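**Q** Below you will find the structure I want to go over with you.
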Amino acid sequence: MEINLPKGTHDVLLDEARGYDRIETVFKAAADLYGFNEFRTPIIEHTELFVRSVGDSSDIVRKEMYTFKDKGDRSITLRPELTAGIMRSIVNNKLYATQDLPLKAYYVGPAFRYERPQLGRYRQFNQFGVEAVGVTSTLSDAEVIMLGYNAFKMLGFEDILLKINTLGDEASRNAYREALKTYFASHLDTMCEDCKVRYEVNPLRILDCKVPEDQAIVEGAPKMSDYLSMEAKEKFDQILALLDAFGIPYEIDEALVRGLDYYSHVVFEYHYTTKKGVNVGAMGAGGHYDNLIADLGGPALSGVGFACGIERVYALLKDDELLVDTQENTDFYVMPLGEAALQDGFMIASALRAAGYRTEVCLENKNFKTMFKRAERKGSRFALIIGEDEVKTETVTLKNLTTQEQSKVAYGELIEKADELFDLEEEHHHHEE
Ligand code: AMP
């Protein structure tokens, strides 16, 4: 009997795997440009880490975590996001004392949330993200927002919608929370059960509610901008001015509060709608945090970061056909006909690979028609045909699959010929540029 995937998980195969690889490569290149280093932290962490960071008023901690007792009776959780693990590792390794600030980390890997699977929403998904810790300047915030924006540009996205908001400092948020409590008190009895809990633990969370009737009530709620301290407003304005200066368009969205408890000051999301009108929700999101490191037992250092969902980015890139260069492309496809030719073809393929050429050899006994089809599917540039005659004369027939030109090359001269062919192409490319 076949065994199916657990709900909300998916296999990443072939084109999709190549697409993910491309997304990760581009994000890493962008992070590298900005001087970020890779952090690889465990997938399992103590449950307490997420309760203290993501926060017990968040939906994630309240109902979406994969939490279990291990055989030693410890409460373990599959990470629902990667920021907490990075912060824990910064604290555990005292990196703030040994490295230059801001500490700049990037990460990529799976995260797990027990959510209702739907478009762009999985139970196991992959995140790429960055964190910059230890410099309070809004320049650090702007740097991270710009890094994300530029990475999406590098992937080929054009009209990226950057939504941005500020949650202010603690004093601003406390004042705002009180105002929300006063406002929602008179509506609460008609609102969803979740909102009743949110009202008690963190009324800001109500602004996130997806229930249509509740959203109508949320529309009339007080606005954060009316409760910002002077300092908080100034910080926000500084960031907006930087974005203006660098020509990064944004839209202020006062309903943007983010589903994690640790944010303060600037929060932001990257959105994109494909030419066919597909929108998968935020493809990336992040913000500034003030207490995360201290809450995990470290010094009072603030930070800023964002995470993007590889699944969502892939879906958008694919829908807009922005992944053309991730097709398979083999340099040589070796086509042996018969047993003796296969032996020779195998040797030739090994030699070509040793010389750095992507080479595929047909190991099955197939006719030329089939082998040409396979070469095409592999995106192969050249075919190397080896039949009985070729074996006898120790030559291959080299066929350029673009121009259909054919020539004979002695076994012993093949590498030299390959170098010549690919050098020529490279020169040709340079001339075009
Ligand atoms: P968050 O950690 O909630 O701020 O999410 C950061 C990014 O991760 C989002 O903008 C999404 O692109 C992605 N993401 C979050 N949850 C999921 C999910 N369940 N499935 C796929 N992607 C997700």
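**Q** Could you look at the stretch 90-210 and say what percent of its accessible area is carbon and sulfur, using a 1.4 Å probe and all protein chains?
**A** 48
**Q** Can you find, among 130, 160, 92, the residue farthest towards the positive end of the dipole of the stretch 84-170? Put +1 on the C-beta of Lys and Arg, -1 on that of Asp and Glu.
**A** Among 130, 160, 92, the one farthest towards the positive end of the dipole of the stretch 84-170 is 92.
**Q** For the chain, go through all pairs of different Cα atoms, get the mean of 1/r, take its inverse, and jot down that Kirkwood value in Å.
**A** Final number for the Kirkwood radius of the chain is 25.1 Å.
**Q** May I pose another question? List every residue whose amide H lies under 5 Å from the amide H of residue 66, counting only residues 5 or more places away in sequence or on a different chain, with H placed 1.01 Å from N in the peptide plane.
**A** Residues meeting the criterion, in which the H sits 1.01 Å from N, are 78, 114.
**Q** Calculate the dipole size of the stretch 323-433 relative to its Cα centre from +1 charges on Lys and Arg beta carbons and -1 charges on Asp and Glu beta carbons; express the result in debye to the nearest 20.
**A** The dipole of the stretch 323-433 has a size of about 680 debye.
**Q** Taking 7 Å along the Cα-to-C-beta vector as the label spot, tell me the residue 177-residue 66 distance in nanometres, rounded to one decimal.
**A** Those two pseudo-labels are separated by 3.2 nm.
**Q** Same structure, new question: Might you report the magnitude of the Cβ-based charge dipole of the chain about its Cα centre, with Lys and Arg at +1 and Asp and Glu at -1, to the nearest 20 debye?
**A** So the magnitude is around 1360 debye.
**Q** Which residues among the stretch 291-321 fall inside the zone where the amide N is under 12 Å from a point 7 Å beyond the Cα of residue 46, along Cα→Cβ?
**A** 296-297, by backbone N distance to the label point.
**Q** In sequence order, what are the phi-derived ³J(HN,Hα) couplings for the stretch 268-280 according to the Karplus relation 6.51 cos²θ - 1.76 cosθ + 1.60 with θ = phi - 60°, rounded to whole Hz, with x for glycine and proline?
**A** Ordered by residue, 3J(HN,Hα) equals 7, 9, 9, 10, 8, 10, 6, 4, 7, x, 7, 9, 9 Hz.
**Q** While we're looking at this one, here's another question. To the nearest 0.05, how large is the calculated FRET efficiency for residue 219 and residue 353 if R₀ is 56 Å and r is the Cβ-Cβ distance?
**A** With R0 = 56 Å, the Cβ-Cβ based efficiency is 0.35.
**Q** Leaving out ligands and nucleic acids, and using a 1.4 Å probe, what accessible area per residue does the chain come to in Å²?
**A** That works out to 51 Å² for each residue.
**Q** Taking R0 as 41 Å, what's the FRET efficiency between residue 377 and residue 150 from their Cβ-Cβ distance, rounded to 0.05?
**A** 0.75
**Q** Between residue 98 and residue 276, what is the label-point separation in nm under the 7 Å Cα-to-beta-carbon projection?
**A** Here the answer is 5.0 nm between the modelled labels.
**Q** About its Cα centre, what dipole magnitude does the stretch 192-347 give when the only charges are +1 on Lys and Arg Cβ and -1 on Asp and Glu Cβ, stated in debye to the nearest 20?
**A** So the dipole magnitude of the stretch 192-347 works out to roughly 280 debye.
**Q** Next up: Enumerate the calculated ³J(HN,Hα) couplings along the stretch 302-314 in order (Karplus 6.51 cos²θ - 1.76 cosθ + 1.60, θ = phi - 60°), each rounded to whole Hz, writing x wherever the residue is Gly or Pro.
**A** Result, ordered by residue: 8, x, 8, x, 9, 10, 10, x, 4, 4, 5, 4, 4 Hz.
**Q** Given H placed on each backbone N at 1.01 Å, which residues far from residue 259 in sequence or on other chains put an amide H within less than 5 Å of it?
**A** When sequence neighbours closer than 5 places are left aside, there are no close amide H contacts.
**Q** Same structure, new question: So for the stretch 123-258, averaging the separation of alpha carbon pairs under 8 Å that are six or more residues apart and normalising by length, what relative contact order in percent results?
**A** 38
**Q** What shape does the stretch 189-286 have by the C-alpha gyration tensor, where a ≥ b ≥ c are the square roots of the eigenvalues, rounded means a/c under 1.5, and otherwise prolate means a/b greater than b/c and oblate the rest?
**A** oblate
**Q** Kindly identify the stretch 70-181 as rounded, prolate or oblate by the Cα gyration tensor criterion: order the square roots of the eigenvalues as a ≥ b ≥ c, call it rounded if a/c is under 1.5, otherwise compare a/b with b/c, prolate if a/b is larger, else oblate.
**A** Rounded shape, in that the Cα axes give a/c under 1.5.
**Q** Accessible area of residue 200, 1.4 Å probe, to the nearest 10 Å²?
**A** 120
**Q** Here is a follow-up. Between residue 329 and residue 169, what length comes free when the chain is fully extended (0.36 nm per residue of separation minus the Cα-Cα distance, one decimal in nm)?
**A** Extra length available between residue 329 and residue 169 comes to 52.4 nm.
**Q** When the label point is put 7 Å from the Cα of residue 119 along its Cα-to-beta-carbon vector, which residues of the stretch 265-305 have a backbone N closer than 13 Å?
**A** 272-282, by backbone N distance to the label point.
**Q** Tell me, how many Å apart are the Cα centres for the stretch 207-229 and for the stretch 1-48?
**A** If we compute the Cα centre of each part, the gap is 34 Å.
**Q** Moving on to the next point. With the full set of protein chains in place, find how many percent of the accessible area of the stretch 319-361 is carbon and sulfur; take the probe as 1.4 Å.
**A** 52
**Q** Starting from 0.36 nm per residue, how many nanometres of slack lie between residue 291 and residue 251 once their C-alpha separation is accounted for?
**A** The span from residue 291 to residue 251 would gain 11.7 nm if fully extended.
**Q** Suppose each label sits 7 Å from its Cα in the direction of the beta carbon; what would the residue 369-residue 197 distance come out to in nanometres?
**A** According to this spin-label approximation, the distance is 6.4 nm.
**Q** When only alpha-carbon atoms count, how far does the stretch 2-132 stretch along each of its three principal axes, as whole angstroms with the largest first?
**A** Principal-axis extents of the stretch 2-132 (Cα, largest first): 51, 41, 28 Å.
**Q** Could you give the C-alpha radius of gyration of the stretch 115-155 expressed as a fraction of 2.2 N^0.38 Å, taking N as the number of residues it contains?
**A** 1.60
The values are calculated or read from the model by the stated rules, or taken from the named source; none is laboratory data. Bear in mind that the values here come from a model prediction, so they are computed numbers and not experimental data. Cβ coordinates were reconstructed from backbone atoms using ideal geometry, including for glycine residues, and neighbour counts include every protein chain displayed. We work out accessible area using only protein heavy atoms, side chains counted, and drop any ligands, DNA or RNA first. Shrake-Rupley method; radii C 1.70, N 1.55, O 1.52, S 1.80 Å.
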